[in-house]
């Protein structure tokens, strides 16, 4: 008996990945996506997370992880317009997660991280406005979880940005956009110290703390913390970039 074409099409669809012998749950798709997530394979992770989103569009874990993949794709993009496009998608997912889970520290932090990734690509006015939004979001994240090491890291970077804004640049900024925060390198260092205490396994915390110490004239401590971070293996998407900043700072200490 001749096999019906529709049956053959279904079999080929399954073999080629277009179908499944059983419907996968959102949890299964999340687990599969996470395997690619930790390997920093954003495209593969995103494809699985987006499938999970279709099943559970209000799942905060899925939305936060999708936002992270778009930020990773943003980092890999070479065109600034494309970076901003991906960043805005990441921000949209982050804001959806934050609205659905006002008591979730990671959901609130996702907003701050997404805004921060776009900051260097924006105009000065947008930078000032979104910097204020970052501070609000990261403060919410820390209020919900004082041991959220990435929230402390983001707050440290926020303080760093304003600490580096001095002299004529600060005066001009205040003339155009109003009073700016009076942050110091000591404020930033305190945040990175808290980040290390909460999670001693992230190299970014050590390198940025060392860079703060360098600006504060604490050379020996700067060298110690930067070298510790440089000796740690790359795990996060931003680790190579942070290491390069660390090497530049070390070179300036010699």
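Read the figures in this text as sums done on the coordinates, not as results from a lab. Since the structure is predicted, the reported quantities are computational estimates derived from the model, not experimental observations. A quick note on method: Cβ atoms are made from the backbone with ideal geometry, for glycine too, and the neighbour counts reach across all protein chains shown.
Is the shape of the stretch 85-224 best called rounded, prolate or oblate, per the rule: a/c under 1.5 gives rounded, else a/b larger than b/c gives prolate, else oblate, with a ≥ b ≥ c the square roots of the Cα gyration tensor eigenvalues?
oblate
Cα atoms only: what Rg and Dmax, in Å, come out for the stretch 195-254?
When restricted to the Cα atoms of the stretch 195-254, Rg and Dmax are 10.5, 31 Å.
Ranking request for peptides 231-241, 54-64: highest mean number of other beta-carbon atoms within 10 Å first, then the rest in descending order.
Values: 231-241: 12.5, 54-64: 17.8.
Answer by packing, highest mean first, reads 54-64, 231-241.
Could you sort the peptides 200-207, 40-47 by per-residue average Cβ neighbour count (10 Å cutoff), highest mean leading?
200-207, 40-47
Please give the contour-minus-distance gain from residue 99 to residue 77: 0.36 nm per residue of separation, less the Cα-Cα distance, rounded to one decimal in nm.
Full-extension gain reported as 5.1 nm.
For the stretch 146-254, go through all pairs of different Cα atoms, get the mean of 1/r, take its inverse, and jot down that Kirkwood value in Å.
14.2
By how many degrees, between 0 and 90 and to the nearest 10, does the Cα long axis of helix 149-163 differ from the longest principal axis of the chain?
Compared with the principal axis, the helix lies near 40 degrees.
What span do the alpha-carbon atoms of the chain cover on each of the three principal axes, reported in whole Å from largest to smallest?
85, 40, 36
Please compute the alpha carbon radius of gyration of the stretch 24-141, then divide it by the globular-protein estimate 2.2 N^0.38 Å. Two decimals is fine.
It is 1.05.
Would you please state which residues of the stretch 231-250 a label at residue 164 would reach in this model, taking the label point 7 Å out along Cα→Cβ and a backbone N cut-off of under 20 Å?
It comes to 237-250, nothing else.
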